[in-house]
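I have placed the structure first, in the form of structure tokens, so that the comments after it can refer back to it.
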Amino acid sequence: MTKRWKQRPPGSNWGDFGDDDQLGRLNLLTPQKVLEGAAEIRTGRTFSLSLPLNLPGGNVLNPARHAPRLTATRRNGKAMFLHEFSGDHNTTDVACDDMVTLSLQYSTQWDALSHIGSHFDANQDGTAEIVFYNGFTALDGFLHPDLTPDGSSCARRLGIEHMARKGVQGRAVMVDLRHHYGDARQVIGYEKLMTVLERDNIDVRRGDMLCIHTGFSELIRSMAGNPDAEKLKTSCAVLDGQDPSLRDWIDKSGIATLIADNYAVEDRPYDFHGDGCSALLPLHELCLFKLGIHLGELWYLTELAGWLRENGRHAFMLTAPPLYLPGAVGSPLNPIATV
Ligand code: UVW
């Protein structure tokens, strides 16, 4: 296959993992990295890094995303819930069977590489087109719901299934911003991040999965399904996507994935008015669009961060596959840390 782009965005790695690559930096999760992760297992204790998927509650973080709604499946007009087969078959069994309507990025989630693209003139015809990681374009199989007979959407390229097939497992490191910077809103750039890496003696290696603990998901848990929008806006650390040194470090560090317990990993300026030439979410642009780094958001990291600190550690084994849901642009998950 010939390259699907003539020029790649400055600072991107398009083509470096192959012209047809849809995994991005997950390619760095080699068998060696799984062994490195396994070498961090010393007690066998496990931590679930997921929020209950019905949190945050309401839609204060993102008005388009709704809490999951469970309903029973129906058979012959009857709800399959506490359903007694005895009526039909004279048996002892009782069945419950359900389904869910779920915004895939409502709670603990991975962003697929199809989540954020950009306007960029990859084919060098003088006009920017909609393009995603590694030069896949909107025409490469992004089905818009307005154009499908049943209103369905689908990312036939860069969907979450590639991550699911890869099986996400390896060495992860925790950076505990909350411990150093507290619970008030703080925008963390390169200098502040480096201060924490140095003080906690954290070695970030190529192919590691980086976890950023801010306390945001703990705050969400404490609100028990009734989130206080104002408090959430003014609480906890976020990364500074506007900081070029931070963006450069993310690239050079060789991290395979970037994960946080906050809403969007980076500062999301709700009143931002751009000039048409820049991104609203520069870390999303850098990671998902330019470098193929999957983003994890709203993970629950507080318990694990506390345990690692008490035990003088920062590295652990992470197992974090998304749902194998072809064509989805994100996925909920229940990541497991083993220490
Ligand atoms: C947006 O808000 C665009 O997405 P995310 O959940 O990745 O921050």
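The values are calculated or read from the model by the stated rules, or taken from the named source; none is laboratory data. Everything quoted here is computed from the prediction, not taken from an experiment. When we count neighbours, we look across all protein chains shown, and the Cβ atoms used for this are built from the backbone with ideal geometry, even at glycine.
Of all residues in the range 278-291 being under 18 Å from residue 157 (Cβ atoms) and among the aliphatic types (A, V, I, L, M), which is nearest to the ligand (Cβ to nearest atom)?
Residue satisfying both the conditions and the ranking: 288.
Go through 251, 267, 275 for me and flag whichever is touching a residue at least 40 places away in the same chain (Cβ under 8 Å) and away from the ligand (no atom under 14 Å from the Cβ).
Matching residue, one of 251, 267, 275: 251.
For the range 147-207, give me every one of the helices (runs of 4 or more DSSP H) that falls completely inside it and has 2 or more residues that are under 22 Å from residue 293 (Cβ atoms).
Fully inside the range 147-207 and qualifying: 161-166, 190-199.
Going by what's in this entry, would residue 13 be described as surrounded by fewer than 17 Cβ atoms within 10 Å (Cβ to Cβ) and not hydroxyl-bearing (Ser, Thr, Tyr)?
Details: surrounded by fewer than 17 Cβ atoms within 10 Å (Cβ to Cβ): no; not hydroxyl-bearing (Ser, Thr, Tyr): yes.
No: the conditions fail for residue 13.
I'm told residue 200 meets every condition in (1) over 28 Å from residue 339 (Cα atoms); (2) outside the structural domain of residue 75 (by TED's automatic domain parsing); (3) of a type in the set (D, E, K, R) except one. Can you identify the failing condition by its number?
(1)
Take the residues in the range 100-122 that are within 11 Å of the ligand (Cβ to nearest atom) and in a loop (DSSP other than H, G, I, E, B), then tell me which one is nearest to residue 23 (Cα to Cα).
112
Just one of 53, 70 is farther than 22 Å from residue 287 by Cα and in a strand (DSSP E or B); which is it?
Residue meeting the stated conditions: 70.
Filter the range 227-248 for residues that are within 13 Å of the ligand (Cβ to nearest atom) and either in a loop (DSSP other than H, G, I, E, B) or hydroxyl-bearing (Ser, Thr, Tyr) (or both) and give the result.
241, the sole residue that qualifies.
If residue 281 meets every condition in (1) farther than 23 Å from residue 46 by Cα; (2) surrounded by 21 or more Cβ atoms within 10 Å (Cβ to Cβ); (3) within 16 Å of the chain's Cα centre (by Cα) apart from one, which number is that one?
(2)
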